[in-house]
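Have a look at the structure below before the remarks.
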Amino acid sequence: MIKNGCFDDVDIAMMVHPGPLDMVHAFFIAIELLTVTYSGKASHAAAFPWEGINALDAAVAAYNGMSMLRQQMKPSWRVHGIITNGGAKPNIIPEKSEMQYYLRAPTEAELKVLMQKAGEVFHAAGQATGCTVEVKSTGHYSNVVSNPNLVELYSKNSFDLGVKFTPDYVPGLGRVHDIPAGSTDMGNVSHMVPSIHPLYSIGTTAVIHTRAFTDATNTDLAHEKTLVASKAIAGCAVDVLR
């Protein structure tokens with residue numbers, strides 16, 4: 001939408017996301033989505049294993065290498081990945097393997113450093129196993145930049161609707177405003193136009209992307225709180241237009 005000019009004539013952008021907390025200034029960080037493909041050579045795993053080049057070994061080495069990299073990662077960085085293709089059958093040396101990785105950091109500059117470190121791990125795994133490697137970006141979201149004026153307006157409208165925002169420190173969680181809330185394409189938008197992306201509680205302690213949170217969304221309380229958050233951003237729009 002940005003590339004097609006959809007935000008060229010837009011003055012502000014706002015959206016809200018359900019969660020276990022009420023936060024007007026949520027910490028959404030930058031992300032790079034990667035597909036890593038290793039190519040080796042197929043062979044019969046019992047009769048002629050020495051003729052093969054195992055692409056699954058490369059993926060496993062990369063996965064373990066990324067896990068070891070965590071020792072040198074900043075506390076605010078996030079790395080998570082899965083192996084989406086590990087071969088066809090156990091008696092065939094896998095000639096191709098594929099992984100999907102998400103790399104996240106608070107800023108574009110830090111994400112660039114993390115991407116360089118991860119790239120070295122991916123290529124080292126290929127060299128160690130004799131495989132070739134292709135690292136392809138499949139998406140990129142910037143960190144969300146919250147506009148201070150919109151933050152103030154959303155806070156005021158929320159207070160008027162009875163919302164009590166989560167305190168900065170929560171026992172068991174620590175400083176909640178330092179905890180990454182994830183990543184979103186709203187980050188790209190926020191670098192184009194003044195934006196906000198608050199979180200609103202739906203009355204559950206369950207964290208997002210869990211079955212318990214899914215169940216919590218299907219309640220009258222969650223519906224009521226969603227209407228309140230909607231009224232808050234609508235009130236922001238009215239205040240801006242005045």
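The values are calculated or read from the model by the stated rules, or taken from the named source; none is laboratory data. If you're wondering where the values come from, they're calculated on a predicted model, not measured in any experiment. Note that each Cβ is placed from the backbone with ideal geometry, even for glycine, and that neighbours are counted across all protein chains shown. Heads up: the accessible areas ignore ligands, DNA and RNA and are worked out on the full protein's heavy atoms, side chains in. Shrake-Rupley method; radii C 1.70, N 1.55, O 1.52, S 1.80 Å.
Things to note:
- Relative to the longest principal axis of the Cα atoms of the chain, the long axis of helix 148-160 makes an angle of roughly 60 degrees.
- Candidates ASP57, ASP220, ASP22, ranked by Gaussian network fluctuation over the chain, Cα under 10 Å, top entry: ASP220
- Shape category assigned to the stretch 188-240 from the gyration tensor of Cα positions, a/c cut at 1.5: oblate
- Once both labels are positioned 7 Å from their Cα atoms along Cα-to-Cβ, the gap between MET115 and HIS80 label points is 2.1 nm.
- Label point at THR138 placed 7 Å out along Cα→Cβ; residues across the stretch 71-94 whose backbone nitrogen lies under 13 Å: 81-85
- Residue-normalised accessible area of the stretch 122-242, given per residue in Å² at a 1.4 Å probe: 58 Å²
- Over the chain: helical MRE at 222 nm, DSSP H runs n ≥ 4 each giving -39500 (n - 2.57), nearest 500: -11000 deg cm²/dmol
- Percent accessible area from carbon and sulfur atoms, the chain, protein chains only, probe 1.4 Å: 56 percent
- Note on MET15 and GLN71: the model spin-label points, each 7 Å out from Cα along the C-beta direction, lie 3.9 nm apart.
- Nitroxide proxy distance, nm - points 7 Å out along Cα→Cβ at LYS41 and HIS25: 5.9 nm
- Pairs from LYS3/LYS136; LYS74/LYS136; LYS3/LYS231; LYS156/LYS225; LYS74/LYS112; LYS112/LYS136 whose Cα-Cα separation, in the structure shown, is over 22 Å: LYS74/LYS136; LYS3/LYS231
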